[in-house]
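Below: one structure, written as structure tokens.
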Amino acid sequence: MRPCMVIGFVVGLVLTLWAGPLGAAIAAEPAELIVRFESGATAADRLEARKGARADFERQLPVQGMQLVEVESGQSAAAAERSLEGADGVLYAEPNAIVSAFLRPDDPYFPQLWAMENTGQSIRGTAGTADADIDAADAWDARVAGGTIVAVIDTGVDASHPDLAPNFLPGHDFVAGDDDPADENGHGTHVAGTIAAERGNGIGVAGVADDAAKILPLRVLDGAGSGRISDVILAYGQAFQSGAKVVNLSLGSTTSSRAEHDAIAAFPTMLFVAAAGNGGPDGVGDDNDTVATYPCAYLLPNVVCVAASDNRDQLAPFSNYGALSVDLAAPGVSIASTWPGGGYSWSSGTSMATPHVAGAAALLWAAAPNAQPIDISSALLAGVDARPAFTGRTVSGGRLNVLRSLRHVADVGVGTPAPVHSPDDDSGSSPSGTSGGSASGPTSGHVGDAVPPRLSLRTGRRLHAQLYRRHRLPLRLTCSEACTVRLVLRFHGRALSTKVKRTLVADVSRRVRLRLNRAGRALLRRRGTRTLTVAARAVDNTGNRRTVKLLLRVSR
């Protein structure tokens, strides 16, 4: 067994500090509201509206008809907002907002992390394509925090590295048989940095999930990068016993192991994120559907297989691929990360792509602690940025986008825990225009009993007129299995329609209409452009779930 990697050289130069543009994050302020009145509203109309809402005039704002009002003691801001929304002469009312800076990390090497934020900067002499990144920098602005344990089963990790120490957990060395999984190669330390290097500490690099993940180092590969399947299986058990949710497998073999397959299947509460592999001796990527690399190619629902992309959104020449066996691509060319001895290194390979997905999975789990592995893997695939280079070469047809996946997993609720067996157990969407759009949940290439149904969600005809004149949203649903679907229309998490439940026959399309509630009708009375979300959750007869979101951009 060998790790899928190409080791680069240690970066010795200190790079210039960099900070990105400032933006605004919105958080509701409960004591004040901003209200805008229609141009024809009289002073008496405005006074009557404020009195009815139990809100006092505070100051005029520099837009015609716009005022800041203070909610009286004993009155909730939500109740005052509803009262103002329903008053004659009011265009809209909304909470006063608190704004804060969206800062990019001050880690000196951050400008080199094109995978996190690609502005088209040149990396090692190769100019990139703007936005050919995983949108990690934007996802960080959501301030998701947690302690998702990610097991890095690899060559070990340098526990003393200052960029890793804050997010490091005690691990185990299955090669030497002790509790000191020191890295004698560098590969594991590089992988760990991409997942959880400390962000904003003024040194080095930044990991995808530093605020949301803890690294559990489990050494199974020696200094030359080789190891035994038995040690890998032992590490799976240790990861489970230590509470790991995500297992990073930047390693592989062309030999299938029934024992390893069964070991992964025995731990269905963990998501195994595996490298697709780096081709053969010729250095050219192979089709995993015909020349398989394992554990990537095991047909298990808790395995996610990752190909490597470059900074121009192309499949890396060395990367394996597979329309049925490789789930998605992620950045894996010229990746800067941590290196033993407190250093930093450039490396390329599907080994480098895999920890971007593992880190993303940890971030999603921190946002949705009750999620199951199938929820996380579905969100990872559903959130990809579709690109021609990955169409027909991956299951999803796209490259990892953490921000989009974070939005997909936002509504994940309490799942049904899968049965857990230890090794000793004898039991065995695309934004749409105002004319409508469609979305569907991708089907995983890993076939098994836990694969959720595929759900197709499309808007009906005359969307704009139906919304604004008849206050209803026409939809058409299709489910690949007999399933029950629950739907609701939302705006910034607020329900704009009554919730609807429908039972579908497999592959038979059904029309559904969501009727706007009072909040939805009030929202659409206002002028402006808004992005609404239709959230749909399908559950088939065996309890497998699929969540799909459709974005609708409407204006008046």
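The values are calculated or read from the model by the stated rules, or taken from the named source; none is laboratory data. This one's a predicted model, so the numbers in the text were calculated from it and none came from an experiment. Every residue, glycine among them, receives a Cβ derived from its backbone with ideal geometry; neighbour counts consider all protein chains shown.
Given the conditions (1) of a type in the set (D, E, K, R); (2) farther than 30 Å from E48 by Cβ; (3) not assigned by TED's automatic domain parsing to the domain that holds I264, which single one is not true for E94?
Among (1) of a type in the set (D, E, K, R); (2) farther than 30 Å from E48 by Cβ; (3) not assigned by TED's automatic domain parsing to the domain that holds I264, E94 violates only (2).
Here are some conditions: (1) on the phi > 0 side of the Ramachandran plot; (2) modelled with pLDDT under 85. R54 meets all but one. Which one does it not meet?
The number of the failed condition is (2).
Is region 449-466 home to any residue that is at pLDDT below 50 and not polar (S, T, N, Q)? Write out each step before concluding.
The initial filter retains those residues of region 449-466 that are at pLDDT below 50, namely 449-450.
Filter once more, keeping what is not polar (S, T, N, Q): 449-450.
Yes, there is a match, as at least one residue in region 449-466 is at pLDDT below 50 and not polar (S, T, N, Q).
State whether the residues of region 237-244 include one that is crowded, with 24+ Cβ neighbours inside 10 Å, farther than 30 Å from T290 by Cα and within 29 Å of the chain's Cα centre (by Cα).
yes
Can you tell which of D327, D289 is within 23 Å of D131 (Cβ to Cβ) and either in contact with a Ser or Thr (Cβ under 6 Å, 6 or more places away or on another chain) or in the same structural domain as P166 (by TED's automatic domain parsing) (or both)? It would help to see each step written out before you state the result.
Working: D289 fails: within 23 Å of D131 (Cβ to Cβ).
Criteria check complete, one pass: D327.
Looking at region 190-209, I want the residues that are assigned by TED's automatic domain parsing to the domain that holds S347 and have a partner that is among the polar types (S, T, N, Q) and part of a loop (DSSP other than H, G, I, E, B) with Cβ atoms under 9 Å, at least 6 apart or on another chain. Which pairs are those?
Once the first residue is assigned by TED's automatic domain parsing to the domain that holds S347 and sits in region 190-209, its partners that are among the polar types (S, T, N, Q) and part of a loop (DSSP other than H, G, I, E, B) give H190/S250; V191/T155; V191/S250.
From the list G188, G200, G223, G156, pick out the single residue that is more than 17 Å from the chain's Cα centre (by Cα), within 20 Å of I335 (Cα to Cα) and surrounded by fewer than 16 Cβ atoms within 10 Å (Cβ to Cβ). Even if it seems obvious, please write down each step before you answer.
Numbers: G188 fails: surrounded by fewer than 16 Cβ atoms within 10 Å (Cβ to Cβ); G223 fails: within 20 Å of I335 (Cα to Cα); G156 fails: surrounded by fewer than 16 Cβ atoms within 10 Å (Cβ to Cβ).
None of the others qualify; the one that does is G200.
Answer with yes or no whether L363 is touching a helix residue (DSSP H, G or I) at 6+ places or on another chain (Cβ under 9 Å), in the same structural domain as D154 (by TED's automatic domain parsing), among the aliphatic types (A, V, I, L, M) and under 13 Å from V144 (Cβ atoms).
Details: touching a helix residue (DSSP H, G or I) at 6+ places or on another chain (Cβ under 9 Å): yes; in the same structural domain as D154 (by TED's automatic domain parsing): yes; among the aliphatic types (A, V, I, L, M): yes; under 13 Å from V144 (Cβ atoms): yes.
Yes.
Looking for something modelled with pLDDT under 90, not in a loop (DSSP other than H, G, I, E, B) and not charged (D, E, K, R) - is there at least one such residue anywhere in region 395-402?
Within region 395-402 (the criterion being modelled with pLDDT under 90, not in a loop (DSSP other than H, G, I, E, B) and not charged (D, E, K, R)), the answer is no, since none of the residues qualifies.
Return the total of residues in region 38-51 being surrounded by fewer than 15 Cβ atoms within 10 Å (Cβ to Cβ) and farther than 17 Å from E94 by Cβ.
Of all residues in region 38-51, those surrounded by fewer than 15 Cβ atoms within 10 Å (Cβ to Cβ) come to 38-40, 42-44, 47, 51.
Still in the running and farther than 17 Å from E94 by Cβ: 39-40, 42-44, 47, 51.
Number satisfying all stated conditions: 7.
Check V539, V500, V534, V548 and return the single one that is under 19 Å from A465 (Cα atoms) and of a type in the set (A, V, I, L, M, F, W, C).
Numbers: V539 fails: under 19 Å from A465 (Cα atoms); V500 fails: under 19 Å from A465 (Cα atoms); V548 fails: under 19 Å from A465 (Cα atoms).
None of the other options fit; the residue is V534.
With the structure loaded, tell me whether V303 is in the same structural domain as A329 (by TED's automatic domain parsing) and touching a His at 6+ places or on another chain (Cβ under 7 Å) or whether it fails that test.
Numbers: in the same structural domain as A329 (by TED's automatic domain parsing): yes; touching a His at 6+ places or on another chain (Cβ under 7 Å): yes.
When the stated conditions are applied, V303 passes them.
Restricting region 497-545 to residues that are in a strand (DSSP E or B) and in contact with a Cys (Cβ under 8 Å, 6 or more places away or on another chain), which is surrounded by the fewest Cβ atoms within 10 Å (Cβ to Cβ)? Explain how you work it out, then say what you get.
The first filter runs over region 497-545 and keeps only residues in a strand (DSSP E or B), leaving 497, 500-504, 510-516, 529-540, 545.
Of the ones still in play, those that are also in contact with a Cys (Cβ under 8 Å, 6 or more places away or on another chain) are 503-504, 538-540.
Working: T503: 10, L504: 22, A538: 27, V539: 18, D540: 20.
The extreme case among them is T503.
Can you tell me which residue in region 115-141 is modelled with the lowest pLDDT, limited to those that are under 19 Å from K214 (Cβ atoms) and aliphatic (A, V, I, L, M)?
Let us first name the residues in region 115-141 that are under 19 Å from K214 (Cβ atoms), namely 136, 139-140.
Then drop every residue that is not aliphatic (A, V, I, L, M), which leaves 136, 139.
On the way: A136: 85, A139: 82.
My answer is A139.
Being over 18 Å from G188 (Cα atoms), buried (at least 24 other Cβ atoms within 10 Å of the Cβ) and more than 20 Å from the chain's Cα centre (by Cα) is the filter here, so list the residues in region 316-341 that pass it.
Residues satisfying the conditions are A316, S319, N320, Y321, G322, S325.
Assess whether N278 counts as being touching a helix residue (DSSP H, G or I) at 6+ places or on another chain (Cβ under 8 Å) and more than 30 Å from Q372 (Cβ to Cβ). Give the derivation first.
Working: touching a helix residue (DSSP H, G or I) at 6+ places or on another chain (Cβ under 8 Å): yes; more than 30 Å from Q372 (Cβ to Cβ): yes.
Yes; evaluated as a whole, the condition is true for this residue.
Checking the structure you have, find out if any residue of region 359-369 is surrounded by fewer than 24 Cβ atoms within 10 Å (Cβ to Cβ), assigned to a loop (DSSP other than H, G, I, E, B) and not β-branched (V, I, T). Even if it seems obvious, please write down each step before you answer.
Quick first cut of region 359-369, residues surrounded by fewer than 24 Cβ atoms within 10 Å (Cβ to Cβ) only: 366-369.
Adding the requirement that they be assigned to a loop (DSSP other than H, G, I, E, B) leaves 368-369.
Checking the rest, the ones that are also not β-branched (V, I, T) come to 368-369.
Within region 359-369, one or more residues are surrounded by fewer than 24 Cβ atoms within 10 Å (Cβ to Cβ), assigned to a loop (DSSP other than H, G, I, E, B) and not β-branched (V, I, T).
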